Amino acid sequence: MDTSTPLDLSLRKATVERRKRPGHRCLGRQRDNHFALLIGVPTACFSAAQLRSLAEIVDRYARFSHLTTAQSVLLVGIAPQHYEPARQAVRQAGFQIRSVGRDLFHVKCCPGGDFSPFGLQRTFDLVALIEEYFRGLPTPQKIKIALSGCPNCCANSRLSDFGLHAVVNGWKLYIGGRMGYAPLIGQELAGPISSDAVPGYLAAVLRVYRELAEPNERLFRTLERIGLDDFRQRVEGLRNEPYDDLVEEAARSRKALEEGFTLADQDKQTLSSVGSEEKVFQPGKKNLCGNGRDEEPRQLGKNDQPLLAEQPLKAPGGQ
Ligand code: SF4
């Protein structure tokens, strides 16, 4: 089996340049000259209604959807002219549009004590709360959060910037983990702590990180410079402080990402180059992962409903 693929140096360079820009970032142009959208729902628990909406969106606008290791759904193979309609459809269907920029990402979790026989604490409610309060908050570099319902750490909590795993009497908190080419295990910051104490700890960690980090510095690097003991001392001094300002900032930031940001505004050059390069998939050549459709979007038949972007969808799963 030949798995080699040619290097696309210009695309690689353009992607690196995009990453250097401050603020939110959505996924940009991909190797097939199409675009990708990263979407999801809190706790990664999809209702049947959400899955039906997702199937319809993929059918209308994308080549396929890929389940990522971070519990998001990647819509791949969106033609440039369908990018904005796809974004609208995703939002109308109640999905989050997920950032890959410098902010607090969605929270990864395992099923925890609601379902797992090994669960010592319930994960879903706490994950939903953390996302409601802090998702999208701008940070010097991305912040990945993960919750696991027991020390087995199925959600890779200790490989996250801010990770928690449950114990009998609460949660153990780790910071400074990372995955990637040089994985790092997070260091224990506190524990056991109660569920109610988690948002205060997170707010304090975020404040200290935002204050002390160099531009574009990931949390583990800040910890290397400052030292865990100093960092912990600062966090302990702040963890009982109110954090309404962070919650408000995160809400504004999410709104900007989901409503104000358009790829066309941010990446006009990329989009125009796509229009002129238009090589895309070879007709008749079925992609192993794809649905084998050719370049043009599926034409609506007489029995089809109007495009999702033109009609509001029912709110999926009662959310
Ligand atoms: S981390 Fe524990 S509770 Fe969560 S899925 Fe794994 S075994 Fe179950």
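Only the coordinates and a few stated rules stand behind these numbers; no lab work does. Quick caveat: nothing in here was measured; it's all calculated off a predicted structure. Counting neighbours? That spans all protein chains shown, and the Cβs are built from the backbone with ideal geometry, glycine included.
Each Cα pair under 8 Å and six or more residues apart adds its separation to the average, and for region 126-179 the resulting relative contact order is 25 percent. Our estimate of slack between residue 118 and residue 168, defined as 0.36 nm per intervening residue step minus the Cα-Cα distance, is 16.9 nm.
At full extension, residue 236 and residue 11 could sit 76.5 nm farther apart than now, given 0.36 nm per residue minus the alpha carbon distance. About the centre of its Cα atoms, region 105-241 shows a dipole size close to 320 debye [charges on the beta carbon of Lys, Arg (+1) and Asp, Glu (-1) only; nearest 20 debye].
Using the average count of surrounding beta-carbon atoms within 10 Å as a protection proxy, the listed peptides 125-135, 143-153 rank, highest first, as 143-153, 125-135.
Computed about the Cα centre, the dipole magnitude for region 1-160 is approximately 640 debye when only Lys and Arg (+1) and Asp and Glu (-1) carry charge, each at its Cβ. Between residue 2 and residue 129, full extension at 0.36 nm per residue minus the direct alpha carbon distance yields a gain of 41.1 nm.
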